[in-house]
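*Asks:* This is the structure I want to talk about, given as structure tokens.
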Ligand SMILES: Cc1ncc(COP(=O)(O)O)c(C=O)c1O
């Protein structure tokens, strides 16, 4: 799972460097005090280079990244944005915050946006699609991208879980017009809180950079307090200590993802032959972040039995099957905008997604995995899958 497991001397050295060079914690200005120390700028440049993207903008969270990306497109009231029914609330919150209408499409066996249902959800008002790489597995981007092109829609990737993954050798977050990342504490790299946006288009980048900074255009011809502006915005600026931690974490990203892939292989090797287990579908040529190992079992009862049996051995699951309340749009009755967009009720919305999610189990994958964990998990699942009568609560 996470960058937090590898936080150490390198992150501390980067933070110390900020203080050693003057302690300026704001990303802009104070040039005379900072001995040329600009960690957020450096982090943006390093992240863009690592991902092979022309522009990157650091922000305060993955949620902010989505909100700023939407602001860069000018999407607002009257516009519809389609995303998927299995995601974190943040994806839909950002659409609502932009004043647009959130529409959720079904997921398919990849547990990401179902291209066929996406196409069915498109109306005359649809402006953008946010495809999410849930739990580190790429969405079916070639199909989704083709649909967006055909209907002239802006594709944004929510790569909160996708940092370090790729599809057809293209890093996740670089397929869409924009790709957003989260560096919260549970992600493959972390700055505590934080996020990043990658852009293909310079105009999107410039609009986003101004909007996330109260409309400041950071015009080099004038001091900041006389800065030019073309529109208002908000404040989603990343601060220097986060930039410093991000630089050290970025250098470890590849190692984190490789360790997770190796550990996930070991977990899968231990359980793949258990009766009734079907692995999550993965698009061709995907390189996953391997944040989680997701598989399906026969039904909801079996999935819940798997979870109970794992918990009894001190092993938790990750989001599935327990947390569909937080990660499944079918339960988000607290979002009136979403309820309205789906005909006034979510109870019967997304039957295909509900069916997939209810019988899925997701195991967290760690960088530092205890040697005995694969066998512990095997024993727990074997019991749940083969002794249903005794284990049914
Ligand atoms: C799919 C998805 N999008 C966006 C976010 C929001 O990121 P943050 O916690 O940095 O605001 C998350 C957080 O877990 C997420 O899972």
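The values are calculated or read from the model by the stated rules, or taken from the named source; none is laboratory data. Since the structure is predicted, the reported quantities are computational estimates derived from the model, not experimental observations. A quick note on method: Cβ atoms are made from the backbone with ideal geometry, for glycine too, and the neighbour counts reach across all protein chains shown.
*Asks:* Tell me, yes or no, whether segment 316-335 has at least one residue that is within 19 Å of the chain's Cα centre (by Cα), modelled with pLDDT of 95 or more and closer than 27 Å to residue 47 by Cβ.
*Replies:* yes
*Asks:* Here are 73, 63: which of them is within 16 Å of the ligand (Cβ to nearest atom) and either within 27 Å of residue 217 (Cβ to Cβ) or in the same structural domain as residue 194 (by TED's automatic domain parsing) (or both)? Steps first, answer last, please.
*Replies:* Details: 73 fails: within 16 Å of the ligand (Cβ to nearest atom).
Testing whether each residue is within 16 Å of the ligand (Cβ to nearest atom) and either within 27 Å of residue 217 (Cβ to Cβ) or in the same structural domain as residue 194 (by TED's automatic domain parsing) (or both) leaves just 63.
*Asks:* Failed condition for residue 277, given (1) more than 19 Å from the chain's Cα centre (by Cα); (2) surrounded by 15 or more Cβ atoms within 10 Å (Cβ to Cβ); (3) closer than 24 Å to residue 61 by Cβ, with all others met?
*Replies:* (3)
*Asks:* Name every residue in segment 76-98 that is within 13 Å of the ligand (Cβ to nearest atom) and closer than 16 Å to residue 341 by Cα, in order of residue number.
*Replies:* Of everything in segment 76-98, those that are within 13 Å of the ligand (Cβ to nearest atom) and closer than 16 Å to residue 341 by Cα turn out to be 83, 84, 85, 89, 91, 92, 93, 94, 95, 97.
*Asks:* OK, next. Residue under question is residue 311, and the condition is that it be part of a helix (DSSP H, G or I), outside the structural domain of residue 83 (by TED's automatic domain parsing), touching a helix residue (DSSP H, G or I) at 6+ places or on another chain (Cβ under 9 Å) and without any contact (Cβ under 8 Å) to a residue 60 or more places away in the chain; does it hold?
*Replies:* In short, yes.
*Asks:* With 212, 216 as the choices, which residue is in the same structural domain as residue 136 (by TED's automatic domain parsing), over 14 Å from the mean Cα position of the chain (by Cα) and within 16 Å of the ligand (Cβ to nearest atom)?
*Replies:* Residue meeting the stated conditions: 212.
*Asks:* Could you please find all residues in segment 181-209 being assigned to a loop (DSSP other than H, G, I, E, B) and either on the phi > 0 side of the Ramachandran plot or away from the ligand (no atom under 16 Å from the Cβ) (or both)?
*Replies:* Residues of segment 181-209 that are assigned to a loop (DSSP other than H, G, I, E, B), as a first pass: 183-194, 200-201.
Listed by number, the residues that qualify are 192, 194, 200, 201.
*Asks:* Considering only residues that are part of a loop (DSSP other than H, G, I, E, B) and either within 8 Å of the chain's Cα centre (by Cα) or within 19 Å of residue 284 (Cβ to Cβ) (or both), which ones fall in segment 133-163?
*Replies:* Residues satisfying the conditions are 133, 137, 138, 139, 140, 159, 160, 161, 162, 163.
*Asks:* Among the residues of segment 94-104, which ones are assigned to a helix (DSSP H, G or I) and either free of Cβ contacts under 8 Å to residues at least 40 places away in the same chain or surrounded by 23 or more Cβ atoms within 10 Å (Cβ to Cβ) (or both)?
*Replies:* 94, 95, 97
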